[in-house]
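Note sheet for the following structure.
The values are calculated or read from the model by the stated rules, or taken from the named source; none is laboratory data. Predicted model, so just to flag it, every value in this text is computed and none were measured. With ideal geometry, Cβ positions are generated from the backbone for all residues, glycine too; neighbour counts draw on all protein chains shown.
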Amino acid sequence: MGILNSLGHFLAPALAPCILNITLIASALAGKYLNINIAIALSYGVLLAGLGQFLLQLPFLKKYNFSIFGKIDLKHQGVKLLFKMMLPSIYGAAVYQLNIMLNTLLASFLESGSVSYLYYADRLVQFPLGIFGVAVSVAALPDLSELSSKKDIQGFKNILNKSIYFLLFICLPASAGLIGLSYPIIEVLFKRGAFNSDSVQATSLCLIGYSLGLPAFSLIRTLISSLYSLKDTKTPAYIATVCLFVNLIFGIVLMQRLSYFGLALAVSISSWTNVILLYIALNKKIGKWFTVKKKLLWFVLFSLFITMIGKLTSSSPYSLILIPILALIYIYLCKLLKIEEADAILSLLKKTNK
């Protein structure tokens with residue numbers, strides 16, 4: 001996937017995770033109908049999915065004259081550099097999951113159901129994060145790496161600014177929508193069986209706590225990719241360690257008064273701390289890089305409007321119909337204001353329809 005992304009090919013790597021989902025669903029169904037333990041069936045499904053994702057890449061790699069067979073030289077300078085940079089980057093990339101694990105541990109000391117409330121809320125936040133946050137960071141990394149190797153710092157700053165503003169254009173209103181419509185979203189998706197009205201209320205609070213950090217979750221990936229492209233994997237790891245302790249401290253303090261909502265809020269506080277520290281680190285590396293533009297104010301104002309409309313209509317059974325309507329209004333208002341991110345989204349939609 002990494003090789004293909006570096007060559008500007010994103011389709012196969014983007015489709016590969018679909019194999020994971022399809023294989024897991026198939027293995028769960030196979031376990032049910034063949035009377036095999038579902039957990040064991042799923043574990044084999046993960047193995048098969050990994051193999052499927054790997055095999056999917058090979059034909060595309062072959063088109064670029066890459067092969068998995070050839071001379072192995074573990075002493076090659078590139079291999080040494082890879083391992084040197086890889087270890088801290090693995091840790092840095094895992095911090096969000098470590099924060100969630102830490103919250104799960106802390107939630108186990110709270111009332112029954114707290115772990116589930118946090119888990120379901122996190123799944124919903126992962127949806128826009130997985131679609132846009134990961135996609136933008138993956139797409140930007142090859143260009144940032146190339147500009148870094150050419151010492152084109154101004155070009156590097158321009159690409160980074162465009163990536164950040166595109167993420168804010170998407171994630172600020174997405175966060176606002178999740179906050180404003182948190183209750184009806186949870187109700188429609190999960191309210192059945194043992195998941196009653198109290199569970200809906202508790203999970204919606206956790207969703208609000210996580211959603212406050214959604215823009216930060218997305219920005220972190222791109223900011224880390226920027227430092228990686230500058231061949232700095234240690235700084236994100238150091239920052240990640242600091243943020244892990246920030247999450248722990250705020251989690252313990254806030255859970256005393258705000259219970260599970262406090263734990264979700266602690267993750268968001270930790271993530272915004274991460275963004276600030278990464279911003280400072282990049283400033284030291286390449287100089288002042290982020291340009292504050294008027295459109296950022298529009299993003300914030302429109303997002304506040306979306307939250308307000310969501311809250312005012314959340315008790316209506318038709319409130320979720322507002323999601324596509326508000327999204328279209330937001331995009332077209334931004335287009336009227338000649339905001340380039342709106343034009344990019346609309347042109348993409350037109351291409352899709354064709």
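Among the residues of the range 246-253, are any farther than 23 Å from V115 by Cα and not polar (S, T, N, Q)?
Quick first cut of the range 246-253, residues farther than 23 Å from V115 by Cα only: none.
No, that holds for no residue.
The helices (runs of 4 or more DSSP H) found entirely in the range 32-115 that carry 1 or more residues being exposed (fewer than 11 other Cβ atoms within 10 Å of the Cβ) and among the polar types (S, T, N, Q) are 77-93, 95-107. Contact map, the range 1-24: residues that are in the same structural domain as Y64 (by TED's automatic domain parsing) paired with residues that are in a loop (DSSP other than H, G, I, E, B) and of a type in the set (S, T, Y), Cβ distance under 8 Å, separation 6+ or inter-chain. Pairs shown: I3/Y64; L4/Y64; L7/Y64; H9/Y64. Close Cβ contacts (under 8 Å, 6 or more residues apart or on different chains) running from residues in the range 222-249 that are surrounded by 17 or more Cβ atoms within 10 Å (Cβ to Cβ) to residues that are among the basic types (K, R) and part of a helix (DSSP H, G or I) comprise L227/K285; L230/K285; D232/K285. For the range 249-266, the criterion of being at positive phi, part of a helix (DSSP H, G or I), out of contact with any strand residue (DSSP E or B) (no Cβ under 7 Å at 6 or more places or on another chain) and not charged (D, E, K, R) is met by at least one residue. Could you go through the range 86-100 and let me know if any residue there is out of contact with any strand residue (DSSP E or B) (no Cβ under 8 Å at 6 or more places or on another chain) and over 29 Å from T23 (Cα atoms). The answer is yes; a qualifying residue exists. Can you name every residue in the range 258-289 that is over 15 Å from C206 (Cβ atoms), surrounded by fewer than 18 Cβ atoms within 10 Å (Cβ to Cβ) and not β-branched (V, I, T)? Of everything in the range 258-289, those that are over 15 Å from C206 (Cβ atoms), surrounded by fewer than 18 Cβ atoms within 10 Å (Cβ to Cβ) and not β-branched (V, I, T) turn out to be Y279, N283, K284, K285, G287, K288. Just a yes or no: is a residue in the range 175-187 assigned to a helix (DSSP H, G or I), modelled with pLDDT of 90 or more and either aromatic (F, W, Y) or closer than 30 Å to K285 by Cβ (or both)? Yes; the residues of the range 175-187 include at least one that is assigned to a helix (DSSP H, G or I), modelled with pLDDT of 90 or more and either aromatic (F, W, Y) or closer than 30 Å to K285 by Cβ (or both). Apart from one condition, Q77 fits all of (1) modelled with pLDDT of 90 or more; (2) out of contact with any Leu (no Cβ under 9 Å at 6 or more places or on another chain); (3) not assigned by TED's automatic domain parsing to the domain that holds G177; the exception is (1). A single entry from L244, L227 fulfils the requirement of being part of a helix (DSSP H, G or I), closer than 21 Å to I280 by Cα and in contact with a Pro (Cβ under 8 Å, 6 or more places away or on another chain): L227. In the range 314-342, the residues that are assigned by TED's automatic domain parsing to the domain that holds F169 and closer than 24 Å to S182 by Cα reach residues that are in a helix (DSSP H, G or I) and aliphatic (A, V, I, L, M) with C-beta atoms within less than 6 angstrom, at least six apart or across chains, in these pairs: L326/I306; I331/A342; I331/I345.
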